[in-house]
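Notes follow the structure.
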Amino acid sequence: MTTEAPTQQDLVRAAARNLLDPQGRELAAQVEWWTLPELEAGDGWGPWPVAVLGQGPPVLLLHGFDSSFLEFRRLAPLLAGGAQLFIPDLFGFGFCPRPAGGDYSPSGVLRHLEALVAAIQQRNPAPLGLIGASMGGSVAVELARRLPEQVTRLLLLAPAGLTGRPMPLPPLLDGLGVRFLALPGVRRGLCRTAFADPEASVGAAELEIASLHLQSPDWGEALRRFARSGGFAGCGAPLPEQPIQVLWGADDRILRAPQKKAALALLGGRVRELEACGHLPHLDQAATVAATWFSPV
């Protein structure tokens with residue numbers, strides 16, 4: 001007798017019941033599964049997970065590389081009192097469906113988001129704010145350039161990929177990289193490196209959330225194809241015309257010093273550096289991030 005592997009929806013439903021982190025459970029319970037008619041229909045396509053909560057102007061929150069909507073579990077409750085939040089998993093990441101014919105490149109990620117924005121506007125037609133963390137910062141910049149009429153402002157949290165150039169991984173290396181990322185010791189090390197104070201911040205609850213989405217069907221294949229595309233890089237110039245605020249942890253140990261220096265040169269006075277904060281301001285200092293969003297630009 002064989003047991004079928006859990007689907008993405010199974011994983012999210014189980015997370016809403018069983019996650020060690022109570023804020024993670026609460027956010028998983030807010031996930032809706034959307035149909036996006038603009039995307040090609042076919043085997044393995046949709047529905048798409050989007051956590052929806054709060055009331056007010058719409059805000060789209062975009063997570064980082066090899067992560068999920070759960071990344072915003074601490075920030076979401078602080079924003080929901082003054083904004084309607086839409087927190088998807090980026091195409092190819094988190095608990096998204098991964099169709100065999102999917103385009104797991106930056107263009108595929110952005111095509112999914114454009115369809116998602118169209119669906120958001122049907123629910124809440126007010127101008128849309130964007131919050132992007134790490135790689136999600138580059139995704140937010142690209143999306144703002146594509147949708148100048150819909151997007152009103154951006155908040156970038158330790159944005160990755162604004163400078164440099166795409167570096168596609170060749171065959172074999174892409175698969176080795178994916179297997180490496182799946183190792184429990186590697187997941188634990190990356191999780192600890194992302195926080196300013198890993199001894200205080202990283203325990204079983206954090207490690208569970210950092211790895212849960214790896215159980216999604218075809219996680220490795222989609223990530224391998226994204227790596228072969230070169231991913232998001234060199235996305236910053238020219239910066240979009242909308243107002244941009246940037247928060248960056250002084251103790252960011254994920255982005256190398258040359259990467260951060262180049263990004264700071266591009267962003268200039270838009271950047272505010274946070275003490276006692278690592279690569280994840282929305283986890284290390286969620287209250288500061290929320291206060292920044294609600295402050296006048």
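Do we find that ARG74 is more than 14 Å from TRP293 (Cβ to Cβ) and either crowded, with 19+ Cβ neighbours inside 10 Å or more than 13 Å from the chain's Cα centre (by Cα) (or both) in this structure? Before the answer, list the steps.
Numbers: more than 14 Å from TRP293 (Cβ to Cβ): no; either crowded, with 19+ Cβ neighbours inside 10 Å or more than 13 Å from the chain's Cα centre (by Cα) (or both): yes.
Criteria not met by ARG74.
Of the residues TRP248, TRP219, which single one is under 22 Å from LEU79 (Cβ atoms) and of a type outside the set (Asp, Glu)? Explain how you work it out, then say what you get.
Working: TRP219 fails: under 22 Å from LEU79 (Cβ atoms).
Going through TRP248, TRP219 in turn, the sole match is TRP248.
Of the numbered conditions (1) touching a Gly at 6+ places or on another chain (Cβ under 8 Å); (2) among the hydrophobic types (A, V, I, L, M, F, W, C); (3) within 25 Å of SER211 (Cβ to Cβ); (4) not in a helix (DSSP H, G or I), VAL59 fails exactly one; give the number of that condition.
For VAL59, the exception is condition (3).
Residue by residue, here is whether (1) among the charged types (D, E, K, R); (2) on the phi > 0 side of the Ramachandran plot; (3) touching a Cys at 6+ places or on another chain (Cβ under 8 Å) holds:
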site	(1), (2), (3)
GLU199	yes, no, no
VAL202	no, no, yes
ALA210	no, no, yes
HIS213	no, no, no
GLY230	no, yes, no
ILE244	no, no, no
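Would you pick out the residues in the range 114-134 that are under 24 Å from ALA263 (Cα atoms) and out of contact with any Gly (no Cβ under 8 Å at 6 or more places or on another chain)?
Going through the range 114-134, the residues under 24 Å from ALA263 (Cα atoms) turn out to be 129-134.
Scanning the range 114-134 gives GLY129, LEU130, ILE131, GLY132.
Does the range 152-202 hold any residues that are at pLDDT below 95, out of contact with any helix residue (DSSP H, G or I) (no Cβ under 8 Å at 6 or more places or on another chain) and outside any helix (DSSP H, G or I), and which are they?
Once the filter is applied, which keeps residues that are at pLDDT below 95, out of contact with any helix residue (DSSP H, G or I) (no Cβ under 8 Å at 6 or more places or on another chain) and outside any helix (DSSP H, G or I), the range 152-202 yields ARG165, MET167, LEU172.
Determine which single condition ALA28 fails, assuming it passes every other condition in (1) surrounded by fewer than 23 Cβ atoms within 10 Å (Cβ to Cβ); (2) within 26 Å of ALA222 (Cβ to Cβ); (3) small (Gly, Ala, Ser); (4) in contact (Cβ under 8 Å) with a residue 40 or more places away in the chain.
Unmet condition: (1).
When the range 2-17 is examined, which residues are found to be at pLDDT 95 or above and loosely packed, with under 12 Cβ neighbours inside 10 Å?
Scanning the range 2-17 gives a single hit, ARG17.
Looking at (1) within 15 Å of the chain's Cα centre (by Cα); (2) surrounded by fewer than 24 Cβ atoms within 10 Å (Cβ to Cβ); (3) among the β-branched types (Val, Ile, Thr), which is the only condition ILE120 fails?
Only one criterion is unmet by ILE120, namely (1).
Does GLN215 count as surrounded by fewer than 19 Cβ atoms within 10 Å (Cβ to Cβ), in contact with a helix residue (DSSP H, G or I) (Cβ under 7 Å, 6 or more places away or on another chain) and polar (S, T, N, Q)? Steps first, please.
Working: surrounded by fewer than 19 Cβ atoms within 10 Å (Cβ to Cβ): yes; in contact with a helix residue (DSSP H, G or I) (Cβ under 7 Å, 6 or more places away or on another chain): yes; polar (S, T, N, Q): yes.
Against the criterion (surrounded by fewer than 19 Cβ atoms within 10 Å (Cβ to Cβ), in contact with a helix residue (DSSP H, G or I) (Cβ under 7 Å, 6 or more places away or on another chain) and polar (S, T, N, Q)), GLN215 qualifies.
Of all residues in the range 147-182, which are over 24 Å from GLN259 (Cβ atoms) and not acidic (Asp, Glu)? Step through it out loud before you land on a result.
Start the filter on the range 147-182 by keeping residues that are over 24 Å from GLN259 (Cβ atoms), which leaves 147-153, 171-172, 175, 179, 182.
If the condition is that a residue be over 24 Å from GLN259 (Cβ atoms) and not acidic (Asp, Glu), then LEU147, PRO148, GLN150, VAL151, THR152, ARG153, PRO171, LEU172, GLY175, ARG179, ALA182 are the ones that fit.
Which residue out of VAL109, VAL52 is touching a strand residue (DSSP E or B) at 6+ places or on another chain (Cβ under 8 Å) and either within 28 Å of GLY230 (Cα to Cα) or in contact (Cβ under 8 Å) with a residue 12 or more places away in the chain (or both)?
On the way: VAL109 fails: touching a strand residue (DSSP E or B) at 6+ places or on another chain (Cβ under 8 Å).
The conditions single out VAL52.
The values are calculated or read from the model by the stated rules, or taken from the named source; none is laboratory data. Because the structure is a prediction, the values reported are computed rather than measured. Counting neighbours? That spans all protein chains shown, and the Cβs are built from the backbone with ideal geometry, glycine included.
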